[in-house]
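Peer 1: Please read through the structure below; I'll follow up with questions.
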Amino acid sequence: MGICDAVAVAKILNATLVIPYLEVNPVWQDSSSFMDIYDVDRLINVLKDDVSIVKELPDEFSWSTREYYATAIRATRIKRAPVHASANWYLENVLPVLQSYGIAAISPFSHRLSFDNLPSEIQQLRCKVNFKALVFVPHIRALGDAIVHRLRYPPGETEALSSDYLRVTTDQNDKQRPQKFVVLHLRFDKDMAAHSACDFGGGKAEKLALAKYRQTIWGGRVLNSQFTDEELRSQGRCPLTPEEIGLLLAALGFDNSTRLYLASHKVYGGEARISTLRELFPLMENKKSLASSEERARIKGKASLLAAVDYYVGMHSDIFVSASPGNMHNALVGHRTFENMKTIRPNMALLGQLFLNKNITWLEFRQAVAEGHQNRQGQLKLRKPKQSIYTYPAPDCMCRA
């Protein structure tokens, strides 16, 4: 989303864009560069008639870098760009710096361009970057294709995984019909649990541990909630646990014959937390079960690359379900909407209230879930003011009139 906005701002300013450095996230601790994740040559080529993009800062501008200035103030750095700034803000505040020095560095830049009141050609350029120009590097796509292939055509019980994931077994494909599968994005990491300030059944020890983690990671910027756990759940502000997402899927009609791909990082609580979900869906798979350690060597320990593989598989599934909102959820919902693919968006507030009802029967639960998700199964939703064009690509990216 950031690179799409950066291309748009470069177009607004009629400037050349330098491929950005990615800051290391304190939670994921991944030092992968932009070029480790995305096919930059393709990005440059697809957008060559729209915006000039270069991989590295030209040597004549080395005097403008953070390293050159160390901790001193750089006249070329703009660090007060408001969230969702207008095109005029950039023309009034950044263009003069560009004209004076020939370069401008906007940092921080996350969510720094408005979704409203922009020229249609700028909106369409953002769509082009997001849905056409950005693709993952070849080895990510190859591994993703191998995983999708094994989900569509499950190997026999005695077959070992091949380390050559570019080899296609066409003879087997001819004899076997492709199977459908669901991708479940289980956003139940420790940071998500801590950030939500919800109670996940671990008692006082868990509350203290998550509070300490909040302080360590966010340094007081994320405070303990002033709401009770019941209030948070009723408002739909608690991420769904593996047990809860399993009950949701079962209520929607999925059963033990459903092929489920689990897209997740490190689930809070580990395998013990996933065991109930695995009992409900014994055909559940993930990267480790579908790809050998040799195949996963280039992505091991790199959260961005692991997420890229999950994103790629998510874009090739029959159905995508996300256990809680977030960047991955928003990006995939928007991308699948653009491609007219089915996505189930859990009604978090409804589910929170249902799970608080300790007297509800399975029949009542299933009926309430079915009714509450009738309009949350991939129906096209037009973007409203202030909503993200990347999550709601219609009408800006999809309508000709």
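The values are calculated or read from the model by the stated rules, or taken from the named source; none is laboratory data. Everything quoted here is computed from the prediction, not taken from an experiment. Backbone-built Cβ (ideal geometry, glycine too); neighbour counts: all protein chains shown. Accessible surface is based on the protein model in full, side chains and every heavy atom, while ligands, DNA and RNA are left aside. Shrake-Rupley method; radii C 1.70, N 1.55, O 1.52, S 1.80 Å.
Peer 1: State to the nearest 20 debye the size of the charge dipole of segment 195-333 about its Cα centre, where the only charges are +1 on K and R beta carbons and -1 on D and E beta carbons.
Peer 2: With Lys and Arg at +1 and Asp and Glu at -1, about 700 debye.
Peer 1: Let me ask something else. Please identify the cysteines of the chain that lack any partner cysteine with a Cβ under 4.7 Å from their own Cβ.
Peer 2: Lone cysteines by the Cβ rule: Cys4, Cys399.
Peer 1: Additional query: What's the extension gain from Ser52 to Lys342 if we count 0.36 nm per residue and subtract their Cα-Cα distance?
Peer 2: So the chain would gain 100.9 nm between Ser52 and Lys342.
Peer 1: For the chain, what is the accessible area per residue in Å² when the probe is 1.4 Å?
Peer 2: Roughly 54 Å² per residue, with all protein chains present.
Peer 1: Can you give the relative contact order of segment 1-135 as a percent, counting alpha carbon pairs under 8 Å and 6+ residues apart?
Peer 2: RCO, segment 1-135: 36 percent.
Peer 1: Also, I was wondering about something else. Given the -39500 (n - 2.57) contribution per DSSP H run of 4+ residues, what per-residue ellipticity at 222 nm results for the chain, rounded to the nearest 500 deg cm²/dmol?
Peer 2: Result for the chain: -11500 deg cm²/dmol, rounded to the nearest 500.
Peer 1: Mind putting a number on the dipole of segment 1-135 about its Cα centre? Charges go on the C-beta only, +1 for Lys and Arg and -1 for Asp and Glu, and I need it in Debye to the nearest 20.
Peer 2: Taking the Cα centre of segment 1-135 as origin, the dipole is about 300 debye.
Peer 1: Throw me the Rg/Rh for segment 1-135, computed over C-alpha atoms with Kirkwood Rh, two decimals.
Peer 2: Rg/Rh: 0.94.
Peer 1: Right, here's the next one. Give the angle, between 0 and 90 degrees and rounded to the nearest 10, that separates the Cα long axis of helix 327-338 from the longest principal axis of the Cα atoms of the chain.
Peer 2: With both axes taken from Cα atoms, the answer is about 90 degrees.
Peer 1: Mean separation of Cα pairs under 8 Å and 6+ residues apart, divided by the residue count of the chain: what relative contact order is that in percent?
Peer 2: Relative contact order here is 19 percent.
Peer 1: From the residues Ile19, Thr216, Ser289, which one has its Cα farthest along the dipole of the chain in the positive direction, the dipole being from +1 and -1 charges on Cβ of Lys/Arg and Asp/Glu about the Cα centre?
Peer 2: Thr216
Peer 1: Additional query: Under a 1.4 angstrom probe, counting protein chains only, how are Leu125, Leu356, Leu380 ranked by accessible area, largest first?
Peer 2: Leu380, Leu356, Leu125
Peer 1: If you roll a 1.4 angstrom probe over the protein chains with everything in place, what fraction of the accessible area of segment 282-401 belongs to carbon and sulfur, to the nearest %?
Peer 2: Roughly 50 percent, rounded to a whole number.
Peer 1: Related question: Out of the total accessible area of segment 1-43 (probe 1.4 Å, heavy atoms of protein only), what percent is carbon and sulfur?
Peer 2: Carbon and sulfur together cover 48 percent of it.
Peer 1: Could you work out how far helix 203-218 tilts from the main Cα principal axis of the chain, as a 0 to 90 degree angle to the nearest 10?
Peer 2: 20 degrees
Peer 1: I've got another one for you. Could you work out which residue, out of Lys180, Lys190, Lys48, moves most in a Gaussian network model of the chain, that is, has the largest mean-square fluctuation with Cα springs under 10 Å?
Peer 2: Lys48
Peer 1: Debye sum, Cα scatterers, segment 178-251, no solvent: what log₁₀ I/I(0) at q = 0.13, 0.15, 0.20 1/Å?
Peer 2: Taken in order of the listed q values, log10 I(q)/I(0) reads -0.45, -0.57, -0.90.
Peer 1: Roughly speaking, what is the stretch gain from Leu95 to Glu60, that is 0.36 nm per residue apart minus the C-alpha to C-alpha distance, in nm to one decimal?
Peer 2: Fully extending the segment from Leu95 to Glu60 adds 10.7 nm.
Peer 1: If you don't mind, there's one more thing I want to ask. Just flag the chymotrypsin sites (Phe, Trp or Tyr not before Pro) in segment 280-363 sitting in loop per DSSP whose Cβ has no more than 15 other Cβ atoms within 10 Å.
Peer 2: Of the chymotrypsin sites (Phe, Trp or Tyr not before Pro), not one in the loops of segment 280-363 has a Cβ with at most 15 other Cβ atoms within 10 Å.
Peer 1: What is the magnitude of the charge dipole of the chain about its Cα centre, with +1 placed on the Cβ of each Lys and Arg, -1 on the Cβ of each Asp and Glu, and no other charges, expressed in debye to the nearest 20?
Peer 2: Roughly 580 debye, rounded to the nearest 20.
Peer 1: Take every DSSP beta bridge whose two residues both sit in the chain, then give the antiparallel share in percent to the nearest 5.
Peer 2: The antiparallel proportion sits near 5 percent.
Peer 1: Further question on the same structure: Segment 298-382: Rg/Rh from Cα coordinates, Kirkwood Rh?
Peer 2: When Rh is taken as the Kirkwood radius, the ratio is 1.07.
Peer 1: Which percent of the Cα-Cα distances in segment 210-363 go past 19 Å?
Peer 2: 63 percent
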